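Here the structure is laid out as structure tokens; the discussion comes afterwards.
The values are calculated or read from the model by the stated rules, or taken from the named source; none is laboratory data. Remember, predicted model here, so these are calculated numbers, not experimental data. Positions of Cβ are generated from backbone atoms using ideal geometry, with glycine treated the same way; all protein chains shown enter the neighbour counts. We work out accessible area using only protein heavy atoms, side chains counted, and drop any ligands, DNA or RNA first. Shrake-Rupley method; radii C 1.70, N 1.55, O 1.52, S 1.80 Å.
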Amino acid sequence: MLDSISKLVGTLNGPIWGVGMLILIVGSGLYFTIRLGFFQFVHFGDMWKRILDRGDSESGISTFASFCTTMAMRVGTGNVAGVAVAIYAGGPGALFWMILAGMTNSAVCFAECVLASLYKTKIDGEYRGGGPYCAERGLGWKPYGIFLAFVSFIGIGAFMPAAATNTIADGFQNALGIPMIATSIAIAAIIAVVIIGGVKRIGAAASLIVPPMVVIYLIAAIVIVVMNIGQVPAMISTVITSAFGKNALMGGSIGIAIQQGVKRGTFSSASGMGESMPPAAAAETSHPVKQGMANAAGVWLDTVIVCTASGLMILLTDAYNTAGGYTSVRFASELAGVDAGSVYFVQLAASTVMGVVAPTFIAIMLALFSFTCLISYYYEAETAMIYVFEGEGKEGIRKTATWVLRIAMIVLVVVYGVIKASLAWDIADLALGSITWINMVVVLALSPKVIAMYKDYQEQMKAGKDPYYDPDKLSWKGVDTAMWKQINAKRIAADKK
């Protein structure tokens, strides 16, 4: 049964993650980067400053909480096991393309988060937004919005948790010998407590967990780099030669290296998929571009910094094999037969410096990374589901559907903890790729709005103002102008005096 499912999922992933996806993601990243004047470099400092905006309300969470909720999804399985998968399948050169993809993907993330914030609305007292809302409100594509919502609801709620859950269970089994089913049940129980509290509790949990876990993980990576500093020049040379297909033994063709780098970089940041859009819409912000800036910085932190840290740990310690034929001499016996999607590669790398405590340390780090992914997945799936049942008189339906989603996700978490790691990754990739194709149609179609909002933001910045959005000056059909006037009422009134 599982073998048949694995073959089917693998067959579907072929065309979804083929050349077309590379063109879509890389092309879109370059398009937005150029059209927005390389904003991620020009406004590099401003991006990071926007993360610290803390103005929340009864309707929305702060930009910082939104950032942490988004990072809860981003800094996760893809940053640890995902990097190992990329290096195994695409060689060390995949890390080069992953970093490059992170830089351009930040522009895609910026665009989708600006749109999510611009077209958000208030439902049951909370801000809600995302790809489906942008499709309906921004383009008038209600049927397409419902289709995107259903695909997102099923893909994010039912399929995306596969890799995160499996990786947590795998990590603790490697470190402490705990049965994967036992870990899965424990994860499900903890998740139940968090997601029942809604977006406020999810944002609070993310804000508490994400900052320290990222700092601790990066410190561990820095220590490993310092301990192996003499190997850095050779490692950089290997990464570059492998990136351009000049070292077949290390990873195969340039095409495979690019594909794996972009694929895993996209999985890590979820740029284009729209995963960051619901948390961005939930934030209380005075201008959509501010939220876009904060989320763009998140892609840098996630893909450019944290993924690089994992890659350096693996490559500098030689704790990797590749499908292209390279077999680690240092750890040949330890890595024999290890599943390509296993977190064991990173655990082994850390053990070269930390000793026997390394597997447990990485397992705990990964548990925090992946757990925050899971609670973020729930919120995104819930937002898509609420869109489908939006409207007055449907409060009861929304509450019932919400509970069905909670129960279903908790059950699936238990199931995904005991399947093969490779199947878990393929299932998650299928969801990511499918939703990305559908969501990017909306983002690209609304790109003129992103560019117009960015110009408005720049003009206010040049005038020495703290940018805010005034729908009387710049607006389009579908924007909730009354909501935005309420958000910025004091600023609008002050400028009219």
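Within the range 130-170, being under 15 Å from GLY478 (Cα atoms), in a helix (DSSP H, G or I) and either among the hydroxyl-bearing types (Ser, Thr, Tyr) or under 19 Å from the mean Cα position of the chain (by Cα) (or both) holds for GLY131, PRO132, TYR133.
Cβ-Cβ distances below 7 Å connect the following pairs, each with a first residue in the range 248-263 that is within 16 Å of GLY20 (Cα to Cα), a second residue that is buried (at least 24 other Cβ atoms within 10 Å of the Cβ) and modelled with pLDDT under 60, and a separation of six or more residues or different chains: ALA257/GLY251.
Of the listed requirements (1) touching a Phe, Trp or Tyr at 6+ places or on another chain (Cβ under 8 Å); (2) over 30 Å from LYS49 (Cα atoms); (3) part of a helix (DSSP H, G or I), MET293 misses just one: (2). Considering only the range 380-402, how many residues are among the acidic types (Asp, Glu) and open to solvent by less than 20 Å² (accessible area, probe 1.4 Å)? Of the residues in that region, 2 qualify. For the range 446-480, a residue qualifies if it is surrounded by fewer than 14 Cβ atoms within 10 Å (Cβ to Cβ) and within 19 Å of GLU136 (Cα to Cα), and the qualifying residues are PRO448, LYS477. Answer yes or no as to whether TYR127 is buried (at least 24 other Cβ atoms within 10 Å of the Cβ), outside any helix (DSSP H, G or I) and not charged (D, E, K, R). Spelling it out, TYR127 is indeed buried (at least 24 other Cβ atoms within 10 Å of the Cβ), outside any helix (DSSP H, G or I) and not charged (D, E, K, R).
The listed residues are ALA494, ALA452, ALA482, ALA445, and the only one of them that is aliphatic (A, V, I, L, M) and within 15 Å of CYS134 (Cα to Cα) turns out to be ALA445. Scanning the range 461-497 for residues that are at pLDDT 90 or above and β-branched (Val, Ile, Thr) gives VAL479, THR481. The set of residues in the range 437-460 that are more than 23 Å from THR266 (Cβ to Cβ), among the aliphatic types (A, V, I, L, M) and in contact with a helix residue (DSSP H, G or I) (Cβ under 8 Å, 6 or more places away or on another chain) contains only MET453.
If the condition is being open to solvent by less than 70 Å² (accessible area, probe 1.4 Å) and not β-branched (Val, Ile, Thr), then the range 483-497 contributes MET483, TRP484, ASN488, ALA489, ALA493, ALA494. Residues that are touching a His at 6+ places or on another chain (Cβ under 9 Å), open to solvent by less than 60 Å² (accessible area, probe 1.4 Å) and not in a helix (DSSP H, G or I) are absent from the range 411-424 altogether.
Of everything in the range 223-233 that is of a type in the set (A, V, I, L, M, F, W, C) and open to solvent by 60 Å² or more (accessible area, probe 1.4 Å), the residue that is farthest from MET354 (Cα to Cα) is ILE229. Considering (1) open to solvent by 30 Å² or more (accessible area, probe 1.4 Å); (2) at pLDDT 90 or above; (3) touching a helix residue (DSSP H, G or I) at 6+ places or on another chain (Cβ under 7 Å); (4) farther than 30 Å from GLU395 by Cβ, the lone condition that MET180 does not fulfil carries the number (2). In the range 318-336, the condition of being touching a Pro at 6+ places or on another chain (Cβ under 7 Å), surrounded by fewer than 24 Cβ atoms within 10 Å (Cβ to Cβ) and at pLDDT 85 or above is met by no residue.
Here is a yes/no grid of residues against (1) of a type in the set (A, V, I, L, M, F, W, C); (2) at pLDDT below 80; (3) in contact with a helix residue (DSSP H, G or I) (Cβ under 7 Å, 6 or more places away or on another chain); (4) open to solvent by less than 20 Å² (accessible area, probe 1.4 Å):
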{"residue": "SER57", "(1), (2), (3), (4)": "no, yes, no, no"}
{"residue": "THR63", "(1), (2), (3), (4)": "no, yes, yes, yes"}
{"residue": "THR69", "(1), (2), (3), (4)": "no, yes, yes, yes"}
{"residue": "ALA86", "(1), (2), (3), (4)": "yes, no, yes, yes"}
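Helices (runs of 4 or more DSSP H) fully within the range 325-390 that include at least 3 residues being in contact (Cβ under 8 Å) with a residue 40 or more places away in the chain, out of contact with any Asp or Glu (no Cβ under 6 Å at 6 or more places or on another chain) and under 30 Å from ALA282 (Cα atoms): 358-388. GLY311: within 30 Å of ASN439 (Cβ to Cβ) and in contact (Cβ under 8 Å) with a residue 40 or more places away in the chain, yes or no? Taking the combined requirement at face value, the residue satisfies it.
Filtered by the rule that a residue be at pLDDT 85 or above, of a type in the set (A, V, I, L, M) and surrounded by fewer than 24 Cβ atoms within 10 Å (Cβ to Cβ), the range 130-164 gives LEU139, ILE146, VAL151, ILE154. If you check LEU368, LEU405, LEU374 for being of a type in the set (A, V, I, L, M) and open to solvent by 50 Å² or more (accessible area, probe 1.4 Å), only one passes: LEU368. With respect to being at pLDDT 85 or above and either closer than 23 Å to GLY14 by Cα or not in a helix (DSSP H, G or I) (or both), SER271 falls outside the description. In the range 88-124, the qualifying residues are those that are over 20 Å from the mean Cα position of the chain (by Cα) and of a type in the set (A, V, I, L, M, F, W, C), and the one that is most open to solvent (accessible area, probe 1.4 Å) is ALA89.
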